[in-house]
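Read the structure below first, then the notes.
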Amino acid sequence: MCEKWWHAGCAKVPENVYKVLGKLSSLHWMFVTLAKLNERVDELQLQLQSKANKVKCSKVNDRVLKCEDSIEQIDDSFRKLVEKKLTTEVEKKVESFKDIMEQRLRDKMRGDIGETLRKEFMTPINDECVGFNKKIDDSNQRLDDLLTANAEREEIELRRNNIILHRVEESQKMLATERNTEDVRTCEQFLPALQVGVDQDDIRKFVRLGKRENDNMAPRPRPILVQFGSRHVKNLIMESLFKIKSLNEKLQHITVAHDLTKKQREECKKLVAQAREKSAASGTGYTRSGANQGNGK
């Protein structure tokens, strides 16, 4: 409120109005110019307040925008994290669901419907597998046959220079060296008696075959294997077997045979059996097989 004094006349206040204003202690009045000035001040204050409010709103808006950017960044990061986590969880769930469904499908296929499906789809595959297995078995069998045949040829080659002496009287002496000495002495008498020019240097190996049994249990003497240094010497021996019948009584009982493999011996037995059957059917006498050359008796 203005604290200056003004004359009523200067302020152009009528006297009657002045008297009324003086009686009202609660009423205050001011000079018109000052009132206008106060109005201007109020107007400026309002403008200043408006501008201040605008500045505050601008700052608030900036802060709001920054908050919105931060919130958007947080939302984006959160969204990515959620998407990543959700994707991982979904993949796990899908994989787990896939495993469960596969297991259920396998369980279902074990039932009647699955049996029908297996027959429908697996039968051709099984047939192919059977065919493949048969081919593999055939190949393995051919390979086994080839290996067996090759082993047989190698064994035949190793035995090609050998002969087997049967019915050579076996010594009853206790020491093996003494028995072997008597066997060698008998062989040295037998082979030169065939007159094919065989001497001690032509013999590479000389050994009794099989395990020695007790005297009372041995039905016949064990055979003797003789290995020569060359096939030529062996062939000379085999070609001269007809001379055995002209030797002394001790040597006449000796028979000579080729050193056959197990397969050859089995085949020889079959041929002998067939020859016996034919001889029995025709009424002719039995003839010893050519595989085992005897002493002519």
Inset, instruction - Mind listing whichever residues of the range 246-287 are over 58 Å from the mean Cα position of the chain (by Cα) and closer than 20 Å to GLU188 by Cβ? - result: SER246, LEU247, ASN248, GLU249, LYS250, LEU251, GLN252, HIS253, ILE254, THR255
Legend entry - Residues of the range 181-200 that turn out to be free of Cβ contacts under 8 Å to residues at least 12 places away in the same chain and in a helix (DSSP H, G or I), as a count: 4
Inset, instruction - With the condition kept exactly as written, say whether any residue in the range 231-254 is within 19 Å of GLY197 (Cβ to Cβ), in contact (Cβ under 8 Å) with a residue 40 or more places away in the chain, surrounded by 16 or more Cβ atoms within 10 Å (Cβ to Cβ) and not aliphatic (A, V, I, L, M). - result: yes
Inset, instruction - Report yes if THR177 is part of a helix (DSSP H, G or I), among the β-branched types (Val, Ile, Thr) and at pLDDT 85 or above, otherwise no. - result: yes
Inset, instruction - Might you let me know whether the range 159-173 holds any residue that is under 24 Å from SER230 (Cα atoms), among the hydroxyl-bearing types (Ser, Thr, Tyr) and out of contact with any Leu (no Cβ under 6 Å at 6 or more places or on another chain)? - result: no
Legend entry - Hey, ASN126 closer than 28 Å to ARG265 by Cβ and either touching a strand residue (DSSP E or B) at 6+ places or on another chain (Cβ under 7 Å) or in a helix (DSSP H, G or I) (or both) or not: no
Inset, instruction - Answer yes or no as to whether LEU146 is closer than 22 Å to LYS263 by Cβ and touching a residue at least 24 places away in the same chain (Cβ under 8 Å). - result: no
Inset, instruction - Evaluate the following for PHE206: is it in a helix (DSSP H, G or I) and in contact (Cβ under 8 Å) with a residue 12 or more places away in the chain? - result: no
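The values are calculated or read from the model by the stated rules, or taken from the named source; none is laboratory data. Since the model is a prediction, treat every value here as computed from it, not as a measurement. We place every Cβ from the backbone using ideal geometry, glycine too, and count neighbours over all the protein chains shown.
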